[in-house]
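Colleague: Encoded as structure tokens, here's the structure I'll be asking about.
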Amino acid sequence: MSITTVTSPTSPIICDILGPFLLQQREINKLLIMALKGGFNFKSDKPLTDIEAIMKQSTLSSDLAKIRQLPNAMKRDKKKEKPKVRLLPPEVLTDLKVLRMRSVLDTKRFYKRSSLKSMTNDIQVGKVVDSPADFYSSRLTKKQRKSTLVDELLADQDFKQEVKKRYVNIVTNNKRRFKKAYRQIQQKDKEKQKSAQKKSKKKK
């Protein structure tokens, strides 16, 4: 019969071979025994007696499940969120004014009056695409196309001539109606010019 000898981990033969590994294992075993006996806390080195009281903080209670909204969300709902005011650029505002006065652009056409009494900020700007049904002569060329509607009108010479004619007609009609007022305005303008000339002579 063969007899097998089992060497324990604390025997001198294994201690010589493994050496420092067994020392580390002994320290770990000591810590585990202390934790099982008295509840060893590694940070403060104090025994933990009330384990149930500490574990209560880590578990969710039934009261939290009843709350549908968190307190932060409740506060946000109470505060009225003001809508952000979007300021339009001046180029868009001038185009809107021209669109309102579109009946002046072409007197032969009839345009429906705009229902908007005040300026609105909810506006979308886009590009008009030429339809394939229109012939090339009816479309605008690259030179005629501008960034804004006002620039296109100022570049159009025919439109400028029409505006000048209308302006001259309005001035002539006002002269006939309000002769006295018109003369008084002319006299004031002449007096201002004379006073400006005198001041310029004195400075010289």
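Colleague: Would you check which residues across segment 107-117 are at pLDDT 75 or above and surrounded by fewer than 10 Cβ atoms within 10 Å (Cβ to Cβ) and list them?
Modeller: The answer is Thr107, Lys108, Arg109, Phe110, Lys112, Arg113.
Table: residues versus (1) touching a helix residue (DSSP H, G or I) at 6+ places or on another chain (Cβ under 6 Å); (2) modelled with pLDDT under 80.
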| site | (1), (2) |
| --- | --- |
| Lys79 | no, yes |
| Pro83 | no, yes |
| Asp95 | yes, no |
| Leu105 | no, no |
| Leu149 | yes, no |
| Lys160 | no, no |
| Arg166 | no, no |
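Colleague: List the pairs whose first member sits in segment 133-154 and is under 15 Å from Val98 (Cα atoms), whose second member is part of a loop (DSSP other than H, G, I, E, B) and among the polar types (S, T, N, Q), and whose Cβ atoms are under 8 Å apart, counting only residues at least 6 apart or on separate chains?
Modeller: Glu152/Gln144
Colleague: Also: Would you confirm whether or not segment 142-153 contains a residue that is outside any loop (DSSP other than H, G, I, E, B), loosely packed, with under 10 Cβ neighbours inside 10 Å and among the small types (Gly, Ala, Ser)?
Modeller: Checked segment 142-153: no residue is outside any loop (DSSP other than H, G, I, E, B), loosely packed, with under 10 Cβ neighbours inside 10 Å and among the small types (Gly, Ala, Ser).
The values are calculated or read from the model by the stated rules, or taken from the named source; none is laboratory data. Here the structure is a predicted model, which means the values were calculated and not measured. In this analysis, Cβ positions are derived from the backbone assuming ideal geometry, glycine residues included, and neighbour counts consider all displayed protein chains.
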